[in-house]
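See below for the structure under consideration.
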Amino acid sequence: MVKGHGKKQRAQNRSRRTGAAHASAAANATHTHTPLPDMAILNGFPFLAGEDVDTDLAARLVAACRIGCQPCQKTMTAKVVKGHRPTLAALAAAVYGVLPLPPGPAASPTTRSWEPLAKAAKTDRDAGVEALAAVMRMDDEAAAELLDDALDHWAVGGATPEQIADIVTAVAPDGPAHFHTRPDTGFMEGTLPYVPGWEIDHELATTVVSAVWAGCGSCRRKLTPQVVASRATLAGLAGAVFLTPRGEPVRERPAAGPAVRAWIEQAHGKFLADGAQALLQAVDELSEDDAADLLREALDAWAASEGARDAAIGLGDLMEAPPRQRPDDPMDAFREAGVQVVTLDDLDLPEDVDPYYLAPNYGVVLMRTATPDGRPLPMLVLYPETEDAGIEDLERRTDWEHWGLHGMPEVDPRWRVRARISDRSLQGLVHVGPDGEDDHELWRAAESVSLPTAAWDLLDTAQHMLVAGPVKNADAPGALQAAGDAGELLAVVARVSFH
């Protein structure tokens with residue numbers, strides 16, 4: 001639990017209720033939406049050249065969305081819809097064209113029909129012109145639908161306002177600057193087998209993959225020597241596609257030498273197998289030519305499927321499900337009636353009082369399961385440890401999906417199972433907020449218990465854990481299945497954070 005967590009969480013809850021910014025809510029002052037994200041990137045779309053894209057308005061709107069200020073969001077949305085259609089097109093194009101993100105399951109028909117134009121606009125200027133024209137022709141209701149869908153991504157897609165400028169990167173090799181998609185290659189740090197002493201250059205990996213996804217041959221050629229020289233980065237890029245089940249062994253062809261073919265064939269599907277670490281280390285022994293061949297094959301695999309990001313998580317065929325909405329707070333009815341409601345979050349607790357013990361608590365049982373393709377995966381089952389812990393509490397405090405033990409729940413890297421390396425023990429289960437601090441703590445180890453060697457090795461290899469609950473008498477035979485059959489089981493795949 002971070003110091004001052006209770007005060008921080010109370011301010012966050014007050015912010016959500018009042019629409020005030022977090023800092024202002026904490027100080028009980030008039031809210032402002034700061035810091036504003038840098039939206040200069042919205043001026044980089046060729047099909048919007050000469051159009052009046054109001055980046056200041058866009059920044060204020062995104063900032064309002066990020067802190068949940070409904071009054072300001074409503075006011076500025078109406079302003080964008082009625083008088084700033086190029087700004088609307090830029091905001092939507094950044095999400096559905098540059099990233100590109102698919103429309104969510106709850107996206108409007110307007111967004112679903114417009115999104116293909118945004119994707120095509122990356123390489124086809126005429127499609128971009130058509131995309132802008134379509135936005136200009138929309139009635140206010142349709143335009144508002146497109147903007148609302150795009151803002152959903154802007155509000156949660158980047159962890160912090162400072163990261164908003166990293167949605168795209170401008171690269172200017174030998175001509176005018178152009179934009180490349182920014183993938184998140186940081187997953188390699190937490191999902192590939194750990195290789196002592198190797199440091200992956202995630203910024204370099206991100207930049208070269210962005211060039212590949214944009215089809216930019218000049219940037220790819222320019223970056224190749226740097227990646228070949230950074231063997232840890234090369235191993236990460238190759239391992240992310242060839243160690244996983246979706247990576248295909250390279251076929252016999254002149255473009256790849258025998259050393260590269262042998263490496264890829266040995267690596268195929270070996271993500272959780274013994275020797276995966278040695279395969280990654282073997283990249284360091286490749287000649288310059290063979291390393292360049294391996295990079296070419298790996299980048300071709302990245303180019304063939306942007307879904308390589310999901311494959312690299314190592315959990316393969318995860319079931320897609322719409323986000324679950326938290327249930328309404330029963331106290332809202334009293335608030336709407338004008339009755340003042342005082343909750344734990346409204347109280348200013350002394351600094352020496354730990355809010356963890358004032359909230360519902362859970363215990364855990366360590367288990368083992370398997371992914372749909374048969375690979376072992378550690379599992380943590382929660383059971384209620386206090387009377388107020390249970391399904392209703394988890395529904396309020398998490399976005400976990402209802403799970404019936406079929407397929408796999410979704411991966412949410414912000415949920416972390418913390419593990420301590422020094423004594424090989426599990427320390428807690430927390431949710432990390434956009435500011436990098438813990439905003440929910442569901443379980444904390446009362447004492448340190450070292451895991452058996454086999455359990456720790458699996459944890460170290462998988463670096464993800466399926467978390468499910470609540471289950472009364474979790475270690476009783478059939479209890480987990482019964483909870484799933486009754487529809488009273490929530491689950492998520494969390495990331496293991498080693499300390």
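What to note about this one:
- Accessible-area ranking of GLU387, GLU265, GLU288, GLU437, largest first, probe 1.4 Å: GLU387, GLU288, GLU265, GLU437
- Rounded if a/c under 1.5, otherwise prolate or oblate - region 351-499, Cα gyration tensor axes: rounded
- Amide H contacts under 5 Å for GLY428, placed H, 5+ residues apart: ARG418, ALA445
- Convex hull projection area averaged over all views, region 196-242, Cα basis, nm²: 3.3
- 15 Å beta-carbon shell around ALA479, net charge (K/R +1, D/E -1): -2
- Selection among HIS406, GLN481, LEU366 by position relative to the dipole of region 359-499 gives LEU366 as farthest towards the positive end (Cβ unit charges, Cα centre).
- Ranking by accessible area, most exposed first, for MET138, MET379 with a 1.4 Å probe: MET138, MET379
- Derived scalar couplings between HN and Hα for region 409-424 equal x, 6, 8, 10, x, 7, 7, 10, 9, 8, 10, 9, 5, 4, 10, 6 Hz in order, rounded to whole Hz, by the Karplus curve 6.51 cos²θ - 1.76 cosθ + 1.60 (θ = phi - 60°), x for Gly and Pro.
- Where ILE421, ILE67 fall by accessible area, highest first, once all protein chains stay in place (1.4 Å): ILE421, ILE67
- Cα→Cβ-extended label distance, 7 Å offset, between LEU405 and ASP139, nm: 5.1
- Virtual spin-label span in nm between LEU36 and GLU387, 7 Å along Cα→Cβ: 5.2
The values are calculated or read from the model by the stated rules, or taken from the named source; none is laboratory data. Nothing here was measured: the structure is a model prediction, and the numbers come from that model. Because the Cβ atoms are built from the backbone with ideal geometry, glycine has one as well, and the counts that use them run over all protein chains shown. SASA here: full protein model, heavy atoms, side chains in, ligands and nucleic acids out. Shrake-Rupley method; radii C 1.70, N 1.55, O 1.52, S 1.80 Å.
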